[in-house]
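S.K.: The structure follows.
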Amino acid sequence: SVNIDSKLIASSTEGASGMVELQNGCACCSLSEELLGSVSELVMLSDLKGDDEGFHHIVIELSGVADPKSVRAKFQEAVLYDMPLMQRVHLDTMVTVIDCSSFLDYITSGKTATPNETPELFYRDGEKPPSDPSND
């Protein structure tokens, strides 16, 4: 994948400190191991800056096709496995932006999510629907 956003950010923020780019450009799928490593890097950078200039918050911005559930799961797993990093950071707030141009049409259509159309809303990662023939 090509990380277009990082190229735009790099050209507009030259010399800005405190920004870490994920090298594979992905924070939401199976390639997301790099996410918590980057958060750890930001914590170390904040420590080097000292109390007055250190970071108070870290913002993780995902692309429009990202799955925020996977990012949340990474933080939950880190807490579950008692990773030392989680003594310094926690996932506080998630904000999701929607496409306003089609949202009203969708919400007033009466259409609801179904396990067939959106299994990610009904099953955990890797879990298969009961009707899936590959479950046998």
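The values are calculated or read from the model by the stated rules, or taken from the named source; none is laboratory data. On a predicted model such as this, the values are computed, not experimentally measured, just so you know. Cβ placement follows ideal geometry from the backbone for every residue including glycine, while neighbour counts extend to all protein chains displayed. The accessibility values were calculated without ligands, DNA or RNA, using every heavy atom of the protein model including side chains. Shrake-Rupley method; radii C 1.70, N 1.55, O 1.52, S 1.80 Å.
S.K.: Counting only other residues whose beta carbon sits under 15 Å from that of residue 109, what net charge do I get with K and R as +1, D and E as -1?
M.R.: Net charge around residue 109: -2.
S.K.: Roll a 1.4 Å probe over the protein heavy atoms and report the accessible area of residue 83 in Å², nearest 10.
M.R.: It works out to around 70 Å².
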